[in-house]
Amino acid sequence: MRLARGEPNVAEHHILYLDLTLCCASIDDEDIGSASSFGLQPRIPSTEAFATDATLAPAIDARARFQQDQADADLATVAEAREDAAILASGGKPPTRPWHPPEDAYRPSSLYNAMVAPFTGYGIKGVIWYQGETNSNVARAPYYADLFRGLITDWRHNFAQGAFPFLFAQISSFNSPDEKWGLVRDAQRRALALTNTAMAVTTDVGDPGNVHPGDKQTVAARLALAARSIAYGERVAYQSPLFRETSGEPGGKRVWFDHAEGLTSRGARVTGFEIAGPDRKFASATARIDGESVVVTGAISNPRYVRYNWSGVVPGNLFNAAGLPMSTFTSEERIQGHLTYP
């Protein structure tokens, strides 16, 4: 099952020799809450404020009224079409009319109920997920880590077929300075703590002026590598360099990574790193590769935190020997005061 557009479609062509039945559930600008089963948010401590009775009651009421609303909308549409035909026949111009019924794709669980729940009685090999841009605004981004990991766990529970592969694309590079793209990317990275998950890093093929970048082939190829390894047991390199830990270094920090064999900036100066003290005020830093680690220094003499590729449009240029780009990360354990990660 795939819940996205574009890249997963192309990814399928990399594994067409396999016997697959493919299901697609796609919608533009989707919010993760609409793809979660009803009642997930009340079970997540950091998001329970969004799951009060006052929040959910309108959605429950809308579901109860849906069939009648749809019938009313159908009748209204037919009546308006007849009126428009009469106006055109007399040489007039039909008026602009509202949509019927109002859009409701962003209500809690609307996409899950319509596009995912009907398949939970079938066998499933895995999921390819590409979403997160809509949740990158300042209000929503801090909750994405808990919501995303909750969604993966919840889908697996509802399908009742074990920890099937859940593969996802990390959101790309985009010029949106008022949003928190780094926070969402890091939340996606941290979801890799769940078993049988994999992430395709896409920041190197983003388009600062297009939230839906044109390079689908590269993203699809990386998702296909992950599927071949996790779902079908092939021995292929599919993991980008991932943050492991930091250690002290005179005047800076040394950052250690997993899957960083052959770490390279391809002959250019290493870019994309920032450091901060206890106040978490980050500043650009100088970095150099040392084996499978990176030594980071800067104007902050005794930094506590390091992060990489945190902005919307990212400057980072590190890759491993497989040609896979390093993931966005921050070494912070607590972000914005109310999300704690293990």
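The values are calculated or read from the model by the stated rules, or taken from the named source; none is laboratory data. This is a predicted model, so every value here is computed, not measured. Every residue, glycine among them, receives a Cβ derived from its backbone with ideal geometry; neighbour counts consider all protein chains shown.
Taking region 149-164, which residues are in contact (Cβ under 8 Å) with a residue 12 or more places away in the chain and farther than 17 Å from N113 by Cβ?
Taking region 149-164 as the starting set, the residues that turn out to be in contact (Cβ under 8 Å) with a residue 12 or more places away in the chain are 149-155, 158-161, 163-164.
Across region 149-164, the qualifying residues are R149, I152, T153, A160, Q161, A163, F164.
Is it the case that region 165-184 has a residue that's surrounded by fewer than 16 Cβ atoms within 10 Å (Cβ to Cβ), farther than 22 Å from D204 by Cα and either within 12 Å of the chain's Cα centre (by Cα) or without any contact (Cβ under 8 Å) to a residue 60 or more places away in the chain (or both)?
Filtering region 165-184 down to residues surrounded by fewer than 16 Cβ atoms within 10 Å (Cβ to Cβ) leaves 175, 177-178.
Still in the list and also farther than 22 Å from D204 by Cα: none.
There is no residue in region 165-184 that is surrounded by fewer than 16 Cβ atoms within 10 Å (Cβ to Cβ), farther than 22 Å from D204 by Cα and either within 12 Å of the chain's Cα centre (by Cα) or without any contact (Cβ under 8 Å) to a residue 60 or more places away in the chain (or both).
Can you pull out every residue in region 239-266 that is modelled with pLDDT under 95 and either among the hydroxyl-bearing types (S, T, Y) or within 29 Å of V219 (Cβ to Cβ) (or both)?
none
Out of A299, A285, A322, A276, report the one residue that is at pLDDT below 95 and out of contact with any helix residue (DSSP H, G or I) (no Cβ under 7 Å at 6 or more places or on another chain). Show your work before the answer.
Working: A285 fails: at pLDDT below 95; A322 fails: at pLDDT below 95; A276 fails: at pLDDT below 95.
Answer to the selection: A299.
Just to be sure I understand the filter: pairs with C-beta atoms under 6 Å, separated by 6 or more residues or on different chains, first member in region 268-286 and in the same structural domain as F319 (by TED's automatic domain parsing) and on the phi < 0 side of the Ramachandran plot, second member surrounded by 20 or more Cβ atoms within 10 Å (Cβ to Cβ) and acidic (D, E). Which pairs pass?
As it stands, the answer is F282/E274; S284/E274; A285/E274, since those pairs meet every condition given.
When F148 is evaluated against the numbered criteria (1) surrounded by fewer than 23 Cβ atoms within 10 Å (Cβ to Cβ); (2) more than 18 Å from T203 (Cα to Cα), which criterion, by number, is the only one it fails?
(1)
Suppose we filter G291, G251, G312, G262 for residues that are loosely packed, with under 14 Cβ neighbours inside 10 Å, touching a Ser or Thr at 6+ places or on another chain (Cβ under 6 Å) and touching a residue at least 24 places away in the same chain (Cβ under 8 Å); which single one remains? Let's see the steps before the verdict.
Numbers: G291 fails: touching a Ser or Thr at 6+ places or on another chain (Cβ under 6 Å); G312 fails: loosely packed, with under 14 Cβ neighbours inside 10 Å; G262 fails: touching a Ser or Thr at 6+ places or on another chain (Cβ under 6 Å).
One residue alone meets the criteria, G251.
Being outside any helix (DSSP H, G or I) and either exposed (fewer than 14 other Cβ atoms within 10 Å of the Cβ) or not aliphatic (A, V, I, L, M) (or both) is true for just one of W155, W99. Which residue is that? Write out each step before concluding.
Numbers: W155 fails: outside any helix (DSSP H, G or I).
Just a single option satisfies the conditions, and that option is W99.
Restricting the search to region 108-132, which residues are surrounded by fewer than 21 Cβ atoms within 10 Å (Cβ to Cβ), touching a strand residue (DSSP E or B) at 6+ places or on another chain (Cβ under 8 Å) and not in a loop (DSSP other than H, G, I, E, B)? Write out each step before concluding.
Step one: filter region 108-132 for residues surrounded by fewer than 21 Cβ atoms within 10 Å (Cβ to Cβ), giving 113-115, 117-126.
After this cut, where a residue has to be touching a strand residue (DSSP E or B) at 6+ places or on another chain (Cβ under 8 Å) as well, the list is 115, 126.
Passing the criteria: only M115.
Can you report the number of residues in region 206-248 which are surrounded by 21 or more Cβ atoms within 10 Å (Cβ to Cβ) and not hydroxyl-bearing (S, T, Y)?
Going residue by residue through region 206-248, those that are surrounded by 21 or more Cβ atoms within 10 Å (Cβ to Cβ) are 206, 219-220, 222-227, 238-241, 243.
Applying the additional criterion that residues be not hydroxyl-bearing (S, T, Y) yields 206, 219-220, 222-227, 239, 241, 243.
Total meeting the criteria: 12.
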